[in-house]
There are 2 protein chains.
Amino acid sequence: MGGDLGPRSVVPACVRFLQRFPGAELKLFGPHDLLSSLLTEQQKSSLATRLQLVDCEQEITQECNPIQAVRHKRDSSMGRALQALADGQVQAVVSSGNTGALLALSRSILGTIDGVRRPALGKSVPTERGSCFLLDLGANIGCSAEDLLQFARMGIEAQRVHADKCELKVALLNIGAEAHKGTEEIRRAAELFESDPEINYAGFVEGHDIFTGCVDVVVCDGLLGNVAMKSAEGVIRLMGQKAFTIEDKTPFKRFFGQLAIKLLRKWRTQVEPSRYNGASFLGVKGNVIKSHGGASSEAFYRAMITAKECADADLAARLGDAMARLQARVSHQ
Amino acid sequence: MGGDLGPRSVVPACVRFLQRFPGAELKLFGPHDLLSSLLTEQQKSSLATRLQLVDCEQEITQECNPIQAVRHKRDSSMGRALQALADGQVQAVVSSGNTGALLALSRSILGTIDGVRRPALGKSVPTERGSCFLLDLGANIGCSAEDLLQFARMGIEAQRVHADKCELKVALLNIGAEAHKGTEEIRRAAELFESDPEINYAGFVEGHDIFTGCVDVVVCDGLLGNVAMKSAEGVIRLMGQKAFTIEDKTPFKRFFGQLAIKLLRKWRTQVEPSRYNGASFLGVKGNVIKSHGGASSEAFYRAMITAKECADADLAARLGDAMARLQARVSHQ
């Protein structure tokens, strides 16, 4: 029920997903009549065995704060979906609803993985050579060096799901590459990263390096990661908007302009966030994927693919193993 | 002598600038023979009265740290140019050299404006409706609420140079729009902004809002501003790179692809940083403009235009007045 478009983006994405993956099954949480009205009779009959509508009247609005969500909204579509994940009925949950509520309900209903100090939100973003996993995207602010170390370990596991590489290079987001730059926590984190045998530490990187492909995992405080991701989204939107408002006066130029805009749109989809939609909430006991609130049906479908990849790779279990290894190492020191 | 291209971007930009502004005069600091070799005989004779080459052998490399610069590099091209500004021989200095050295030498040679706690680096960036002034871009990290209040006052004066508007809306960059979001310093700054009669405070904004035009000045800690600006630059570069590597197989598509790339380049120049090149170092006694290190000749020319606008508006003096008013208000409380 979340996001700007609600079920109007989710339901078509589900139909497409089931058609693409014949072995997949979906549970769809929300008001039964509303969800049902968005499916054709033909879809209902052909997908009946694999698409289950789970009737929920309650929903979580954007105004709902995390505490209210945990106290009063466990029967919402979001709460019921997470409960199904906790009960092992499903292997991953995708939501484009209220982020704060999703994170709070995930922690409360699923619980955090043993040893995880603060679960983090992270996402694979496009680069010139492939992808890069950026975390935290805003679940936590005021992160300590120890928090950032856990993010690094979790980010490596998450990026392994998306990138087929052995040695993933890990970096810390900072104001410059030199060792003396940044806050004390960032510099302390650099020391922890350097001495961690499971981290192939590549040093500090700056904002633009997120997109060059020079590293595979970029770790930062949630305030920084949120600003980095949203600034990048903002400038892409600006570029699209500028492209559509420039008026070329001759009919000849207008004609080619239209064709060019089509190609530009195609290129934009290669780098814009919706193409890489689906942030993973790492550190809770289950695969929880946050889709962008403004997600189109296409973008929601991408988030479902991300969820499937995480479920197929059993990411939540891998994170549990990684955290257990880290715990063992820390207690051994 | 700074930036990736050094005098090869600066000298052509200077020639263009003098041709465009017949009343302008320039002093160019660097090794005389090198600078001279980049000018044609015709340029030398026609511009002789307005373009003065000031011979400096010493230069500041990217590796030089701010302390070294202040202690040992006052006779560098950068140091000599700032000294000319301090002496009133010039009205503004533009450099694409080492940022840390430029800021440290500016403070040391020019001095800070009375009452300014920490000078800040800020810049006008393109938006859907015009421009927005973002500061601090990385001169300061760990800013207090009081620092951010000064940045706001200075940002308003700087944006008035670029935007012809009476009431400029000022916002704080944060992780979300809700009042409870962000760090304690950001929330405390919000209280200071709200009670300041010279600030038309519009609340918290997120990264993408920098580019929508919903506000005119966005204030933040230097770490955040640096990450916001560099992430935006990175994704624009990525988009250009993706456009140039996508191969369309049919000759028909290749043909339109070429046309589209031309249009894309044109659009990119409207939003890319070089179009809005030139960050102002606000709070020192003089107009100091930092050009992007990767600036082309076109981009360096833009930074010179920014410098001219600041000099014409006597921005450094206006900042002095604004700070005096703020001081009077604070001491009155």
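Read the figures in this text as sums done on the coordinates, not as results from a lab. Just so we're clear, the structure is a prediction, and the values are computed from it rather than from any experiment. Reconstructed Cβ throughout: ideal geometry from the backbone, glycine too, with neighbour counts over all protein chains shown.
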Projecting the Cα atoms of A:Gly79, A:Gln91, A:Ala139 onto the charge dipole of region A:70-219, where Lys and Arg contribute +1 and Asp and Glu -1 at Cβ, the residue farthest towards the positive end is A:Gly79
Whole-number value, in Å³ per residue, for the convex hull of the alpha carbons of chain A is 156 Å³
Largest fluctuation, B:Arg117, B:Arg20, B:Arg188 only, Gaussian network model of chain B with Cα springs under 10 angstrom, belongs to B:Arg20
Applied in sequence order to region B:162-167, the curve 6.51 cos²θ - 1.76 cosθ + 1.60 (Karplus, θ = phi - 60°) yields integer Hz couplings, x standing for Gly and Pro, of 8, 10, 8, 9, 7, 9
Listed residues B:Lys230, B:Lys285, B:Lys73; largest mean-square fluctuation, Gaussian network over chain B with Cα springs below 10 Å, found at B:Lys230
Residues B:Glu233, B:Glu194 in order from fewest to most other beta-carbon atoms within 10 Å are B:Glu194, B:Glu233
Residue-ordered couplings for region B:168-182, obtained by feeding phi - 60° into the Karplus form 6.51 cos²θ - 1.76 cosθ + 1.60 and rounding to whole Hz (Gly and Pro as x), are 8, 7, 10, 10, 9, 6, 8, 7, x, 7, 5, 4, 7, 6, x
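Counting pairs of alpha carbon atoms under 8 Å apart in space and at least six apart in sequence, what relative contact order in percent does chain B give?
23 percent
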Answer in debye to the nearest 20: the dipole magnitude of region A:280-333 about its Cα centre, from +1 Lys/Arg and -1 Asp/Glu charges placed on Cβ, is 200 debye
With +1 on the Cβ of every Lys and Arg and -1 on the Cβ of every Asp and Glu, the dipole magnitude of the protein assembly as shown about its Cα centre, in debye rounded to the nearest 20, is 1840 debye
Stokes-Einstein D for region A:1-86 (20 °C, 1.002 mPa s, Kirkwood Rh from Cα pairs), in µm²/s, comes to 156 µm²/s
Note on region B:3-56: contact order normalised by length, alpha-carbon pairs under 8 Å, 6 or more apart, percent, works out to 44 percent
In this structure, among A:Lys230/B:Lys285; A:Lys27/A:Lys165; A:Lys123/B:Lys181; B:Lys181/B:Lys290; A:Lys169/B:Lys290; A:Lys44/A:Lys308, pairs with alpha-carbon gaps over 26 Å are A:Lys230/B:Lys285; A:Lys27/A:Lys165; B:Lys181/B:Lys290; A:Lys169/B:Lys290
So, with points 7 Å from each Cα along the Cβ direction, the A:Glu146-A:Arg50 label distance in nm works out to 4.7 nm
Shortest first and in nm, the label-point separations between B:Gln68 and its counterparts in the other identical copies (7 Å out along Cα→Cβ) come to 5.7
Against the 2.2 N^0.38 Å rule of thumb, the C-alpha Rg of region A:54-204 sits at a ratio of 1.20
Label points for B:Cys166 built 7 Å along Cα→Cβ; distances to same position in the other copies, nm, shortest first, come to 6.9
Output row for B:Gly130: copy-to-copy label distances, label 7 Å along Cα→C-beta, ascending, in nanometres, one decimal, is 4.6
Under a Gaussian network model of chain A whose springs join Cα atoms within less than 10 Å, the largest fluctuation of A:Thr127, A:Thr61, A:Thr112 belongs to A:Thr61
Within 10 Å of the Cβ of an average residue in A:177-188, the count of other chain Cβ atoms is 2
Asserting the computed 222 nm helical MRE of chain A (DSSP H runs at least 4 long, -39500 (n - 2.57) per run, divided by residue count, to nearest 500) equals -16000 deg cm²/dmol
